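One structure is given here, and the rest of the page talks about it.
Please treat every number below as a calculation from the coordinates, not as lab data. Because the structure is a prediction, the values reported are computed rather than measured. As a convention, Cβ positions derive from the backbone with ideal geometry for all residues, glycine included, and neighbour counts pool all protein chains shown.
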Number of protein chains: 4
Amino acid sequence: MSTPSPTTETFSWPVRVYWEDTDAGGIVFYANYLKFFERSRTEWLRVRGISQQTLKEATGGMFVVGEAQLRFLKSARLDDELLVTTSLLDAGRASMTIHQQALLSTPAGTLLLCEATIRAGWVDASTLKPARIPPHILNTLL
Amino acid sequence: MSTPSPTTETFSWPVRVYWEDTDAGGIVFYANYLKFFERSRTEWLRVRGISQQTLKEATGGMFVVGEAQLRFLKSARLDDELLVTTSLLDAGRASMTIHQQALLSTPAGTLLLCEATIRAGWVDASTLKPARIPPHILNTLL
Amino acid sequence: MSTPSPTTETFSWPVRVYWEDTDAGGIVFYANYLKFFERSRTEWLRVRGISQQTLKEATGGMFVVGEAQLRFLKSARLDDELLVTTSLLDAGRASMTIHQQALLSTPAGTLLLCEATIRAGWVDASTLKPARIPPHILNTLL
Amino acid sequence: MSTPSPTTETFSWPVRVYWEDTDAGGIVFYANYLKFFERSRTEWLRVRGISQQTLKEATGGMFVVGEAQLRFLKSARLDDELLVTTSLLDAGRASMTIHQQALLSTPAGTLLLCEATIRAGWVDASTLKPARIPPHILNTLL
């Protein structure tokens, strides 16, 4: 996973770590970073005027994740406040590729906790078959 | 929450505690007992021949929980294997009331970890409005 | 669950509904309201200067929920933004009782989605045995 | 993610899809495959006589995931019963690499739903610093 060159500015969303996110190892359970990344992607869409619930009702389609590459570098703990970034790497007719990071500010500087490259494809919500991203959505992303 | 007198025999379903279920306190996160109870109710329906996915497609309806009373007595930990029981207390035209326990076998005997009384109502899956439980479902429960 | 008379003002915390919170019924999965309530209780403690991670390290103790009574009245959906309230009903030497609501603002007014009365006891974090709430914590709550 | 040549036989663990696993898209939420994979890895260790709770208490160490590559090919739905496989690709002094699949049997044959390559490193449970896998654990894996 080489460092990507985002084609757009980076969006940041704060995520607080609660009891629900941690496990008996005292750290955030690894699957929960995918929740944090999803929240940041959703808010990144929202600031572009895209509500996924409305989108699904209007177009009958939705984004689903097709591939994810994850690196877990440091562990977040209860009460940590993370910044979770989203930046678009690429968008085509049927899918987009996104780079995401979970960051923790500390007195010693910003730590990279977890990093992901995610490809999300557009599908028909009832058949789950791949489909073209509606053009007005694609234009909004780019 | 006095001890109920179940009107039917008690159904038991084993549930293993995994990392995902625990929190940084080293114990099962309190909300996750509601997941365990739901699994046991689902399997209790399944042995009666009721698949909720099929049911929703066939009748357009589903059960949703309307009330839950929970007592958390002892804590489960990673790797514990629980027995999660379901027994019907009462079923009417629009809802059923169920008693559930999460139990842990130990060398010193069986520990009651968590106990719930749950009322689940039948709703139309698209409007979420209360509706009558289909008679063939109600007959299967009783 | 009669309407309680909170002894303190009501604290509110916004909670956005993401994909992770919903289930195949199209609504928030019932266990997840317990996550939302826990987030609001945690933030209610935080505005009183109490960080649970710091507290556990400093005192060796933590709050665990002993009882919860829940009413699920209306269903939240993807993208809804809820207000989740916390108000203290009572606090004693070993436990506190809290009233919580999940509310949704709509053009037609505020809807009560889910309501809980929760008793949380103080325990020694290593033995999980009940213990007295440290006086400076109890004073902060009252 | 090319097809790996597992150095050991493949372990399979059944996983039932419950309401808790699904989202409002009607399918299993993408992060939850990481839960399913973790369950299968845990049971794969258990059949080798390794309980992670006991291991942590005895050695002060635990496995944490450092990297994951995921492909999501088909979607699981409520009530589906999956087989989730684990096979060791490689194990070194400080980490192991595992290949995992979530499979669904259908009348038309077995569908591959999700596939992962996961590297888990051994860490000191209190400092979270990388450490050598205890030799008796490494021997058990190989």
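Structural remarks
- A viscosity of 0.692 mPa s and a temperature of 37 °C, combined with the Kirkwood radius over C-alpha pairs in the Stokes-Einstein formula, give region D:11-141 a diffusion coefficient of 211 µm²/s.
- Here the protein assembly as shown was treated as a single set of alpha-carbon atoms; its pair distances binned every 20 Å from 0 give 20, 57, 23, 0 percent.
- Summing Lys and Arg as +1 and Asp and Glu as -1 over all other residues whose Cβ lies under 9 Å from the Cβ of A:E67 gives a net charge of +2.
- Label zone of A:L111 (point 7 Å out along Cα→Cβ, amide N under 16 Å): in region A:18-46 this covers A:18, A:22-23, A:25-30, A:33.
- Per-residue HN-Hα couplings for region A:85-102 [Karplus 6.51, -1.76, 1.60; θ = phi - 60°; Hz; x = Gly/Pro]: 9, 9, 9, 6, 8, 6, 9, x, 6, 10, 7, 10, 10, 10, 10, 9, 9, 10
- Modelled FRET efficiency - R0 45 Å, D:A94 with C:T97, Cβ distances, 0.05 increments: 0.40
- Two-decimal Rg to Rh for region D:73-142 - Kirkwood Rh, Cα set: 1.14
- Across chain C, C-alpha contacts under 8 Å between residues 6 or more apart give a mean separation that, scaled by the residue count, equals a relative contact order of 29 percent.
- Comparing mean-square fluctuations of A:L45, A:L128, A:L83 from a GNM of chain A with C-alpha springs under 10 Å, the top value falls on A:L128.
- 14 Å beta-carbon shell around B:H99, net charge (K/R +1, D/E -1): -1
- Filter on A:K56/C:K74; A:K35/D:K35; D:K35/D:K74; B:K129/C:K74; B:K35/B:K74; A:K56/B:K35 - keep pairs with C-alpha separation over 19 Å: A:K56/C:K74; A:K56/B:K35
- Rounded to the nearest 20 debye, the dipole size of the protein assembly as shown about its Cα centre is 0 debye, using +1 on the Cβ of Lys and Arg and -1 on the Cβ of Asp and Glu.
- C-alpha long axis of helix C:32-47 to longest principal axis of chain C, angle in °: 50
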